[in-house]
Amino acid sequence: MERNIGFKERRYIEELRILTKSTALDCVIDDRFDRVIYVIQQGDMGLAIGKKGENIRRLQTVLGKRIEMVEYADSSDAFIVNIFKPAEIVTIERGPENGPVNVRVKQRSDLGIAIGKAGCNIEKARILCKRFFGIDVGEVLLKEENL
């Protein structure tokens, strides 16, 4: 998938590298929810977060925006699971012929976490999945009991 990184995004990625010594593959500035979403290289997530979230707090102070981080994965399913963490994803259902992908969570409490306040987490999933794998994310649903 083709991703364009502008000057501001490059600056934010460099700021992350300087403060945390971790590598970001991409950066999305989401003005709607006043946040910056970093896609972190596999294995660098602990380094990026820092001890007790110290690096995220420092970065939030420097940039003046809320910071969210997602660890990159090579497969789209693993990437979707990473996006929705800490919600526990049970299945990822593919739609017919490039249709939207629906995500099923294990518990009702995970439903709220996966959707997020005002839909911010599902919107993050839609942005990142489209950007990295060219797939649309449809709905977050509760696991059916009779499965």
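Overview of values
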{"quantity": "Selection within the stretch 48-63 - part of a helix (DSSP H, G or I) and in contact (Cβ under 8 Å) with a residue 12 or more places away in the chain", "calculated": "Ala48, Ile49, Asn55, Ile56, Arg58, Leu59, Val62, Leu63"}
{"quantity": "In the stretch 24-44, the residues that are more than 15 Å from Asn4 (Cβ to Cβ) and of a type in the set (Asp, Glu)", "calculated": "Asp30, Asp31, Asp34, Asp44"}
{"quantity": "Residue check for Gly50: of a type outside the set (A, V, I, L, M), surrounded by 16 or more Cβ atoms within 10 Å (Cβ to Cβ) and at positive phi", "calculated": "yes"}
{"quantity": "Among the residues listed as Arg66, Arg17, Arg32, the single one being more than 18 Å from the chain's Cα centre (by Cα) and of a type in the set (Lys, Arg)", "calculated": "Arg17"}
{"quantity": "When residues of the stretch 86-118 are limited to those that are without any contact (Cβ under 8 Å) to a residue 12 or more places away in the chain and part of a helix (DSSP H, G or I), the one surrounded by the most Cβ atoms within 10 Å (Cβ to Cβ)", "calculated": "Gly112"}
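Quick note: the coordinates plus some simple rules give every number you see, no bench work behind them. Please read these numbers as outputs of a predicted model, since none were measured by experiment. Glycine gets a Cβ as well: all are built from the backbone with ideal geometry, and neighbour counts include every protein chain shown.
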